[in-house]
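Following: one structure in structure tokens, then a few remarks.
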Amino acid sequence: MIRTLNLSDLSQALELHKDLLAEEFISTCGDKFLYHYYRTWMATPYGVSLGAFEDYELVGLLLGSINPSLHYRYMLANGGLRLAYDLGIHALKNPQFRRELIRTRLKRYLFAMGRVTKSSLLPKNRQSATTLRTQSENNAQVRIGEITHLLVSNRSQGKGIGKLLVEEMVARSTPLNLSKIVLVTPPKSQAKDFYSHIGFKEETTLTNSSGETFLRMYLPLD
């Protein structure tokens, strides 16, 4: 069964995320950060959070968005301070994590937080879903969806669950007249082969602030 994740699914979602992506930066930010990251993601009007269930057990999940730019702006404006607090407390308690945060991401995070701090602190200036949705409707160029995480438990891989989750993402994106869905993945990985198999095409190569190289792929919808 594929359906939207709800708050009662959070504990299973977090365990699956940490189990499969233990070395990912978000997973190293601490349990509280990951919990509020998922909660904020699920609360945005532009986020997509899907779960695949077998006998009520979560065996796969997909996180994405139907408008990446407005999705992340909403997350920062409505949950950024909480996430920053969790990140700061975790950094104070973990010197190794603190060094990695300062070296690769702190400058970028502070810049993003600075842009939304005023709207987060002042309710009258807070960016509501209605305001952001209006901006989206007025911007005809915003027609790209995004998949950021696609996870399937090790014992459930090979059953077509990942493909079903992507198909549900496509089903929700098509009525919105999106032109494509994009994602990034390591260039030499089984994930890249999987995405190619279900129709994704290679677009460009990207390098993040840590020096890691990723392949950006897209699935055309129009």
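No value in this document is a laboratory result; all are computed from the given coordinates. Since we're looking at a predicted model, the values are computed, not measured. Positions of Cβ are backbone-derived with ideal geometry, glycine not excepted, and every protein chain shown enters the neighbour counts.
For the pairs Lys32/Lys93; Lys163/Lys201; Lys159/Lys188; Lys163/Lys192; Lys159/Lys192, note any where the Cα-Cα span goes beyond 20 Å.
Values: Lys32/Lys93 13 Å; Lys163/Lys201 15 Å; Lys159/Lys188 22 Å; Lys163/Lys192 13 Å; Lys159/Lys192 17 Å.
Table pairs above 20 Å Cα-Cα are Lys159/Lys188.
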* Net charge near Ser173: determine it from the other residues with C-beta under 13 Å of the C-beta of Ser173, scoring Lys and Arg +1 and Asp and Glu -1. => -1
* Structure fact -> With 0.36 nm assigned to each residue of separation and the Cα-Cα distance removed, Asp222 to Tyr85 gains 45.2 nm
* To do: Hand me the GluC sites (Glu not before Pro) from segment 1-106 located in a DSSP loop with no more than 11 other Cβ atoms within 10 Å, in residue order please.
  => Glu23
